[in-house]
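Visitor: Below is a structure I'd like to ask you about.
The values are calculated or read from the model by the stated rules, or taken from the named source; none is laboratory data. Since the structure is predicted, the reported quantities are computational estimates derived from the model, not experimental observations. A quick note on method: Cβ atoms are made from the backbone with ideal geometry, for glycine too, and the neighbour counts reach across all protein chains shown.
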Amino acid sequence: MFGCEYILLGHFLLTKLLLKKMISTAKTTGVQGRIVNVSSSIHTWFSGDMIRYLGLITKNKSEYDGTRAYALSKLANVLHTKELAQRLKEMEANVTANCVHPGIVRTRLTRDREGLITDLVFFLASKLLKTIPQAAATTCYVATNPRVVNVSGKYYSDCNEASTSKLGSNLSEAARLWSASEIMVSTNPNLKS
């Protein structure tokens, strides 16, 4: 594998490493823990079978498309949040998990595509782009606002609950992604937590 598994596994591995400690702290202190995953509305750009696509690009580098892989990674964040929220509920943990879209911010994400056209698009769209504090507002809202106490498994944009793609709201796909992540971690000695 040339690293494609990390598209799906980043949040999963971090969750496995930190979850027991977070649940224990929430129980001990009585303060609700909140997990906020950052995604993007670009998660709606991915369609098809996530696990099959990951296998395809792992076996054949020529099938890799940066935009589609990025959309998949953001969809994985949404689905990870859905499944994690369900598991936290079943555990009766005093911890919530939600996902946010911070908005579109001028970052260096498109650095490999910079040039006249990219610069022109960002210049023309500059009035629509968020500042860093504006982009952070939704994350801060979900992490701290009393209105979000006991709210879990939701997707937020502009400090409001928002809809995900059809695939992003599919609880069966969320569970399938979690299972696939567990298998990938258990079969790859470099990824074991």
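Visitor: Residues K82, K89, K74: which one is of a type in the set (D, E, K, R), within 12 Å of the chain's Cα centre (by Cα) and closer than 15 Å to L171 by Cα?
Guide: K82
Visitor: Then there is this: Would you check which residues across the stretch 153-168 are outside any helix (DSSP H, G or I) and under 14 Å from the mean Cα position of the chain (by Cα) and list them?
Guide: Once the filter is applied, which keeps residues that are outside any helix (DSSP H, G or I) and under 14 Å from the mean Cα position of the chain (by Cα), the stretch 153-168 yields G153, K154, Y155, Y156, S157, T164, S165.
Visitor: Looking at (1) exposed (fewer than 13 other Cβ atoms within 10 Å of the Cβ); (2) not acidic (D, E); (3) not in a helix (DSSP H, G or I), which one does S24 not meet, given that it meets all the others?
Guide: Among (1) exposed (fewer than 13 other Cβ atoms within 10 Å of the Cβ); (2) not acidic (D, E); (3) not in a helix (DSSP H, G or I), S24 violates only (3).
Visitor: I'd like the full set of residues that are modelled with pLDDT of 90 or more and either surrounded by fewer than 17 Cβ atoms within 10 Å (Cβ to Cβ) or basic (K, R) (or both), limited to the stretch 28-37.
Guide: Across the stretch 28-37, the qualifying residue is only R34.
Residue by residue, here is whether (1) under 23 Å from L17 (Cα atoms); (2) modelled with pLDDT under 95; (3) aliphatic (A, V, I, L, M) holds:
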| site | (1), (2), (3) |
| --- | --- |
| M91 | yes, yes, yes |
| T110 | no, yes, no |
| R113 | no, yes, no |
| L129 | no, yes, yes |
| P133 | no, yes, no |
| C159 | no, no, no |
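Visitor: On the given criteria, is M22 over 11 Å from the mean Cα position of the chain (by Cα) and either at pLDDT 85 or above or closer than 21 Å to V100 by Cα (or both)?
Guide: Here the answer is yes, as M22 does meet what is asked.
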